[in-house]
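Asks: I'd like to ask some things about the structure below.
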Amino acid sequence: MITPTKMLYPLLDHAVTSKETLWPTYDGKLLDRTQFVSSSSVGKCERQIFFANDPTLPRGKFPWGFAQRGHGHEAWIVEQLRSLSCEYTFMFVGDQQRSFYAGNQSGTPDGLARSSSGDFVLEFKSIDPRTRLSNLPKPEHVMQCVQNMDLMEQCLDTDVTGALLAYSNASDFSTTTEFWVERTDPECEIMMDKLAAKADRIMSAKTADDLEPEGIYTGGCKQCDFGSICSATVKRKESEKNRHEQLSKASSNIFG
């Protein structure tokens, strides 16, 4: 009576993967993210970002499901915020969301909250319920907030007081963990400069070999679609294979 099937997924996959990749910007243009280092990816390995900006390279190791979960979660938060009458005015949220760009950087913040005490950037994340809260905030998300603050200040010619980074449990939206990223902290200014320099390096690189294989040191290679074409990853795998073979030969000489 009941037969396992897969009728819905092909339709969803086709719908998601066939959508346009251009994003509306704050100044009425359309943004091609492959021409910039986006705030959502700036915390990743330099080489991974370089490869990801090439639309001809295959993906597939990590499909679109996590990103779509994030979009659904963000839409729910925006719906709740818009239903309120409170001290904040929420801008650039939901269908009003806009991308900002300057130099080689771009960013699409989840919104901007404005009040009499100042403006601050909004960034919403959904997390697996098994996530260890002690590991939050994730460094790449802090970088995302910092780059978005920088871009919004430049593009809107304004000052922001900080960024609110909020994580919601994907299985229970009422469970949230929030962090405030202080704009006036000197470390924030230093990070802004470093992220801008990183974007410049990536966008000016002729090949991935011109860039640092950061994923090897951070563990990012495990979450990268491009490990098979990254020379650093390939060399590391060859080195590990050779080491394993040498150890195997050594043990066979001793115990064989």
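Asks: Once the other residues with Cβ under 10 Å from the Cβ of Gly118 are scored (Lys, Arg +1; Asp, Glu -1), what is the net sum? List each step's numbers first, then the result.
Replies: Details: positive: Arg114, Arg183; negative: Asp119, Asp159.
Around Gly118, the surrounding residues sum to 0.
Asks: I would also like to ask the following. Filter the trypsin sites (Lys or Arg not before Pro) in the range 95-176 to those in DSSP coil with at most 14 other Cβ atoms within 10 Å of their Cβ, and list the result.
Replies: Taking the range 95-176 and a limit of 14 other Cβ atoms within 10 Å, the loop trypsin sites (Lys or Arg not before Pro) found are Arg130, Arg132.
Asks: Given the rule -39500 (n - 2.57) for each run of at least 4 DSSP H residues, summed and divided by the residues of the chain, what is its mean residue ellipticity at 222 nm, to the nearest 500 deg cm²/dmol? Please report the intermediate quantities before stating the final value.
Replies: Details: 7 runs with 102 residues, N = 256.
Only helices count here, giving -13000 deg cm²/dmol.
Asks: Could I ask something else about it? Check Asp110: other-chain or 5+ apart residues with amide H under 5 Å from its amide H, H built from backbone geometry?
Replies: So Asp110 has HN proximity to Leu122, Phe124.
Asks: For Cα extents along the principal axes in Å, the listed values are [x] 54, 47, 41; [y] 78, 61, 37; [z] 61, 53, 32; which was obtained by calculation from the structure presented?
Replies: Evaluating Cα extents along the principal axes in Å on these atoms matches [y].
Asks: Is there a pair in Lys6/Lys125; Lys29/Lys138; Lys19/Lys194; Lys44/Lys206 whose C-alpha atoms are over 23 Å apart, and which pairs would that be? Working shown, then result.
Replies: Numbers: Lys6/Lys125 29 Å; Lys29/Lys138 31 Å; Lys19/Lys194 33 Å; Lys44/Lys206 19 Å.
Result: Lys6/Lys125; Lys29/Lys138; Lys19/Lys194 exceed 23 Å.
Asks: I would also like to ask the following. Hey, which aspartates and glutamates would be in cross-link range of Lys222, C-alpha to C-alpha under 17 Å, not counting anything within fewer than 8 residues on its own chain?
Replies: Glu46, Glu140, Glu212, Glu214, Glu238, Glu240
Asks: Then there is this: Assuming a ≥ b ≥ c are the square roots of the Cα gyration tensor eigenvalues, decide whether the range 53-128 counts as rounded (a/c under 1.5), prolate (otherwise, with a/b larger than b/c) or oblate.
Replies: Oblate.
Asks: Once each part is reduced to its C-alpha centroid, what is the distance from the range 4-38 to the range 174-221 in angstrom?
Replies: 24 Å
A short reminder: the numbers here are calculations on the coordinates, not readings from a lab. Because the structure is predicted, anything quoted here is derived from the model rather than measured. Backbone-built Cβ (ideal geometry, glycine too); neighbour counts: all protein chains shown.
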